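Let me give you the structure first, and then I'll get to my questions.
Where a number appears in this text, it was derived from the coordinates with a stated rule and is not lab data. Predicted model, so just to flag it, every value in this text is computed and none were measured. With ideal geometry, Cβ positions are generated from the backbone for all residues, glycine too; neighbour counts draw on all protein chains shown.
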Amino acid sequence: MNVAVVTRHEDVVHVAHDPETYSSESAVKATAGPEADEVKQILAEGWSLTPNLTESDGEEHTRLRLAVNRVFTPRRVAELEPFIRATGEELIGRFAAAGSTDIIENYAWPLPLSVMARILGVPAGDVPLLRQWSHGWLKLSVGGGDVAERVECARDVLAMQNYVMAMLREPGPGGDGLIASLAADHAENGLDDVELMRIVMNLIIAGHVTVTRSIGNGLVSLLDHPAQLAALREGEIPPEAMVEEILRFESPVQGLFRTVTTETELAGSRLRPGDRVMVHFGAANRDERALTDPGTFDIRPRGRRTMLAFGRGIHTCLGAGLARLQLRIAIPLLFDRLPGLRLGPADSRRRERLVIARGFDELNLQWDVPQAQEATQ
Ligand code: HEM
């Protein structure tokens with residue numbers, strides 16, 4: 001089996017817009033090959049992980065997407081602004097007096113996950129569980145790791161499936177969220193509870209780790225470019241342009257996969273059914289044929305709408321508006337509340353290795369704490 005890595009902007013757009021030739025089956029899987037029996041045994045206690053929104057084609061994909069499209073309209077997303085801001089303020093309030101924190105652990109994780117929990121109607125107290133399970137799902141889906149690790153990940157996936165299934169069947173007191181409404185609309189959306197469960201899992205996972213990584217990526221890029229940060233703080237550059245550049249420059253989903261369905265040619269290479277193609281959004285976002293000076297981080301608005309961090313075509317990111325809103329609020333809020341915000345020592349930064357979650361797993365930031373505030377602690 002061949003794997004073609006598609007890096008040019010033009011070719012990535014071409015592949016993303018031709019889902020008949022390039023199927024989304026196993027879109028998240030970076031490795032091929034059989035799964036260990038121990039892992040299969042655990043997963044067999046639950047339900048098949050696919051087809052889900054990301055890894056489905058044609059009518060099946062349309063059916064799944066239609067069931068949730070309405071939740072992510074610009075109006076519904078805009079209504080979340082006060083909640084996002086209040087959650088950000090609350091999280092900052094927990095560490096502001098300390099003068100230093102791991103911003104990924106204490107801000108970039110809990111913020112988007114709390115937003116997703118709110119949308120779904122999951123109790124706030126269960127947010128840490130969602131994080132742990134999602135991590136297991138991601139590692140298992142992408143592939144790699146030894147058997148013992150994959151067994152643990154499979155247990156996480158099983159626990160998450162059971163949790164979501166229980167909520168779909170018995171929504172409980174948080175019953176005003178998306179999970180309850182999906183379950184109530186059963187007849188209308190024509191989806192069974194296993195399909196709904198996969199949609200919910202897809203949303204939980206796709207809807208937070210990408211935002212987590214973008215918050216960290218954005219902070220490092222801005223702090224590495226003080227003149228641009230100053231222009232942003234002085235209102236010379238709109239925060240929307242900052243968000244686009246952060247996503248372009250350090251695209252969290254560097255690439256996803258497609259499976260070739262019919263013999264075809266791509267950029268001079270012959271591809272056969274079963275061949276795999278990686279659509280490299282991150283590389284396309286730095287293609288000098290499509291962008292001016294793509295290797296430079298520059299938050300001044302770029303003229304053309306070439307940014308590919310959310311993909312293109314029928315699988316284009318369902319949560320793009322929500323992600324943009326969270327980043328536009330979450331990043332400036334830190335600079336507003338934490339005076340003298342700066343990067344901690346270089347050895348306190350650790351990168352995540354997953355190609356679909358580029359960014360930092362650990363990122364120490366420091367700031368000045370006014371003496372009066374210190375004294376009250
Ligand atoms: C910075 C944040 C984000 C980035 C960079 C990102 C990136 C992407 C990309 C590249 C795809 C396309 C997948 C493909 O072509 O196969 C995608 C799909 C998707 N994203 Fe996002 N995403 C982000 C945030 C979110 C959020 C907040 C949600 C929550 C609703 C979300 C939900 C989804 C879903 C459900 C899909 C699958 C859509 C489909 O296959 O029809 N994403 N995302």
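Need one word for the range 122-237: rounded, prolate or oblate. Basis is the Cα gyration tensor (sqrt eigenvalues a ≥ b ≥ c); a/c below 1.5 gives rounded, then a/b vs b/c decides.
It is oblate, given that a/c is not under 1.5 and a/b is not larger than b/c.
Quick check for you: which residues of the range 278-312 have the amide N under 20 Å from the point 7 Å beyond the Cα of Ala230 toward its beta carbon?
Within reach of a label on Ala230: 297-301.
Next up: Taking the dipole about the Cα centre of the range 182-227, with the C-beta of Lys and Arg at +1 and of Asp and Glu at -1, give me whichever of His186, Ile204, Leu222 is farthest to the positive side.
So the residue we want is Leu222.
Around Arg312, with a cut-off of 12 angstrom between Cβ atoms, what is the net charge of the other residues, counting Lys and Arg +1 and Asp and Glu -1?
That works out to -2.
Can I ask one more? Please compute the net charge surrounding Arg286, taking Lys and Arg as +1 and Asp and Glu as -1 over other residues with Cβ under 13 Å from its Cβ.
The answer is -1.
Let me ask something else. What value, in deg cm²/dmol to 500, does the helix sum -39500 (n - 2.57) over DSSP H runs of n ≥ 4 give at 222 nm once divided by the residues of the chain?
So the helix-based figure for the chain works out to -15000 deg cm²/dmol.
Have a look at Leu140, Gly93, Met116 and report the one farthest towards the positive end of the charge dipole of the range 1-159, computed about the Cα centre with Cβ charges (Lys/Arg +1, Asp/Glu -1).
Of the candidates, Gly93 comes out farthest on the positive side.
Would you mind counting up the charge near Thr50? Only other residues with Cβ under 14 Å from its Cβ, with Lys and Arg at +1 and Asp and Glu at -1.
So the environment of Thr50 carries a net charge of -4.
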